[in-house]
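Everything on this sheet refers to the single structure shown next.
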Amino acid sequence: MVIKWEENLRIGLPAFDEQHEEFFAYFSRLAEALEEGGGSAEVAEILPYLDKYATTHFSDEENLMVKYKCAGLEEQQQQHALFKENIARFSEQLTTTEPTRETAIKINATLIRYFINHVRKLDVKMVEYIKPMMA
């Protein structure tokens with residue numbers, strides 16, 4: 001299962017599009033490792049990166065929404081918190097058990113599904129609201 005960046009995930013804000021592509025690069029790296037029969041070590045390496053990167057990315061999005069008094073900030077914050085909770089839950093699980101290929105698959109599927117839905121729904125709404133004010 002190769003995870004590829006899709007152009008239809010672009011939201012039209014270059015900085016955020018680049019950050020979203022970066023997320024996909026890490027998801028893809030994990031998916032490739034899974035396809036090759038690995039993934040355990042990659043999960044342990046990727047989760048802390050995603051947690052740190054998500055903190056920065058989500059903060060950037062939320063700050064932009066505050067700046068433009070964007071509707072939907074609370075929902076965006078709740079969804080950001082959910083993503084971070086998933087990462088924390090998986091990270092906690094890995095402190096008590098050795099990562100397995102099954103764990104890696106579950107993590108990859110959960111985070112990718114969340115991420116794609118988030119970008120296509122909430123981030124697109126954010127841009128529709130903000131973009132006219134940015135011009």
Kindly list the number of the only condition in (1) surrounded by 16 or more Cβ atoms within 10 Å (Cβ to Cβ); (2) under 13 Å from the mean Cα position of the chain (by Cα); (3) touching a residue at least 40 places away in the same chain (Cβ under 8 Å) that fails for Arg120.
-> (1)
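Name the residue, out of Arg89, Arg101, that is farther than 22 Å from Trp5 by Cβ and in contact (Cβ under 8 Å) with a residue 60 or more places away in the chain.
Arg101
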Sort out which residues of region 82-91 are surrounded by fewer than 17 Cβ atoms within 10 Å (Cβ to Cβ) and aliphatic (A, V, I, L, M), and write them in order of number.
-> Leu82, Ala88
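Residues in region 92-102: is at least one more than 17 Å from Ala15 (Cβ to Cβ), within 17 Å of the chain's Cα centre (by Cα) and crowded, with 17+ Cβ neighbours inside 10 Å?
Filtering region 92-102 down to residues more than 17 Å from Ala15 (Cβ to Cβ) leaves 92-102.
Restricting the remaining residues to those that are within 17 Å of the chain's Cα centre (by Cα) gives none.
Looking through region 92-102, none of the residues is more than 17 Å from Ala15 (Cβ to Cβ), within 17 Å of the chain's Cα centre (by Cα) and crowded, with 17+ Cβ neighbours inside 10 Å.
Working carefully through the options Leu111, Leu73, find the one that is among the aliphatic types (A, V, I, L, M), farther than 16 Å from Phe16 by Cβ and surrounded by 15 or more Cβ atoms within 10 Å (Cβ to Cβ). Walk me through how you get there before you give the answer.
Working: Leu73 fails: farther than 16 Å from Phe16 by Cβ.
Sole residue among the options that is among the aliphatic types (A, V, I, L, M), farther than 16 Å from Phe16 by Cβ and surrounded by 15 or more Cβ atoms within 10 Å (Cβ to Cβ): Leu111.
None of the figures in this text is laboratory data; all of them are computed from the coordinates on show. Just so it is clear, the model here is predicted, and its values are computed rather than measured. With ideal geometry, Cβ positions are generated from the backbone for all residues, glycine too; neighbour counts draw on all protein chains shown.
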